[in-house]
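This report refers to the structure that appears directly beneath it.
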Amino acid sequence: MATTSLILLTAPTTAEELHGPGYAVADPGRPHLRVTDLGATRGDGVFETIGVIDGHVQALTSHLERLAASAELLDLPSPRLEVWRTAVAAAIQGAGAAPELSVKLVLTRGEEGTGRCTGWVRAAPAPDTSRARTEGVRALTLDRGYRSDVAETSPWLLQGAKYTSYAVNMAALRHAHARGADDVIFVSSDGAVLEGPTASVLLRVGDTLVTPGTDQGILPGTTQDRAFRFAERAGLATSARRVEVSELAVAEQVWLCSSVRLCAPVRELDGRELAWDRDLTADLLQWLRTTHD
Ligand code: PLP
């Protein structure tokens with residue numbers, strides 16, 4: 001039986017001196033965060049969520065590289081990736097055997113005035129996402145209110161970083177839930193498809209798997225990246241480009257992709273049924289479950 005496990009990093013970045021392995025096992029049932037931690041008071045930090053299936057951690061290197069890229073966008077000190085890597089392994093071992101785990105890595109700017117970052121890794125049994133994977137989700141398109149070139153024009157908005165200020169993303173999900181939908185596809189103020197609050201958007205257009213390009217102020221998705229490798233194996237072309245909102249209604253298939261849920265077909269968009277292919281979705285899911293990098 002899997003449980004929750006927690007690892008606290010004593011040297012999460014190059015700003016803290018490294019003694020020993022740079023982390024320690026902690027009791028997940030005890031309080032550990034100070035009320036002056038800038039992660040808590042300002043949402044000033046970065047994070048990653050990684051899936052573990054049948055004991056195999058998925059796309060670990062890509063997640064660690066993205067953690068480092070997000071930290072750089074927030075001008076945080078560089079994460080010590082080798083410490084995070086071993087801390088992830090320790091957290092998974094501490095959680096015990098489970099069909100699926102969700103592992104969350106959090107790095108904050110730390111306690112106010114100390115100049116020391118805070119970091120932890122928590123592993124826990126993954127929520128059951130089987131219904132979304134096999135039956136699909138109903139999504140709403142919602143305007144994010146930014147143009148698609150926002151990352152270039154306004155880098156201080158941190159679009160494209162996986163930062164801990166997810167209150168807006170959670171508010172968008174509540175907005176969708178209140179209207180009977182399960183999820184959201186954000187669109188830019190100039191009509192481009194962006195991403196979900198916790199997922200990348202993937203479409204099948206003819207014989208091509210398409211995703212919005214990361215030059216449009218969105219997160220580079222590790223699951224979408226792995227889906228592109230599936231496409232190459234399945235004889236489909238791939239393209240990362242600007243996707244017009246109107247393309248969603250006519251695509252052969254739209255999915256929301258993320259590390260723990262893997263891929264969920266969008267079966268209804270803004271109240272209109274979308275086409276989707278159960279066989280292709282099953283093949284993609286099988287690929288994502290069984291390839292680990
Ligand atoms: N876009 C956003 C905003 C996300 O929060 C996430 C994941 O949480 C993704 C995309 C998908 O990324 P990944 O597939 O690496 O989990």
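Taken together, the values in this text are just the output of simple stated rules run on the coordinates, not laboratory data. Treat the numbers as computed from the prediction; the structure is a model and nothing was measured. In this analysis, Cβ positions are derived from the backbone assuming ideal geometry, glycine residues included, and neighbour counts consider all displayed protein chains.
Side notes on the structure shown:
- A dipole drawn for the chain from +1 and -1 charges on Cβ atoms has a positive end, and of 1, 140, 67 the residue lying farthest that way is 1.
- Pair-distance distribution of the chain: all C-alpha pairs, bin width 5 Å, starting at 0; shares per bin in whole percent are 1, 6, 12, 16, 18, 17, 14, 10, 6, 2, 1, 0.
- Per-residue [θ]222 nm for the chain (sum of -39500 (n - 2.57) over DSSP H runs n ≥ 4, rounded to 500): -8500 deg cm²/dmol
- Built amide H within the under 5 Å cut-off of residue 274, gap 5+: 268, 269
- Taking the chain as a Gaussian network of alpha-carbon nodes connected by springs under 10 Å, the highest mean-square fluctuation of the residues 224, 93, 216 belongs to 93.
- Neighbours of residue 50, meaning other residues whose beta-carbon lies under 12 angstrom from its beta-carbon, give a summed charge of +3 when Lys and Arg score +1 and Asp and Glu score -1.
- Taking amide hydrogens as placed 1.01 Å from N in the peptide plane, the amide H of residue 217 sits under 5 Å from those of 151, each at least 5 positions away in sequence or on another chain.
- Cut-off 14 Å between beta-carbons: net charge of the residues surrounding residue 126, Lys and Arg +1, Asp and Glu -1: +3
- Quarter of Cα convex hull surface for the range 130-288, i.e. mean projection, nm²: 8.5 nm²
- Sum of side-chain charges, residue 149 neighbourhood, beta-carbon under 9 Å (Lys, Arg +1; Asp, Glu -1): -2
- Taking amide H as placed 1.01 Å from N in the peptide plane, the amide H of residue 10 sits under 5 Å from that of 23, 24, each at least 5 places away or on another chain.
- Principal axis extents of the Cα atoms in the range 1-107, from largest to smallest and rounded to whole angstrom, are 38, 31, 28.
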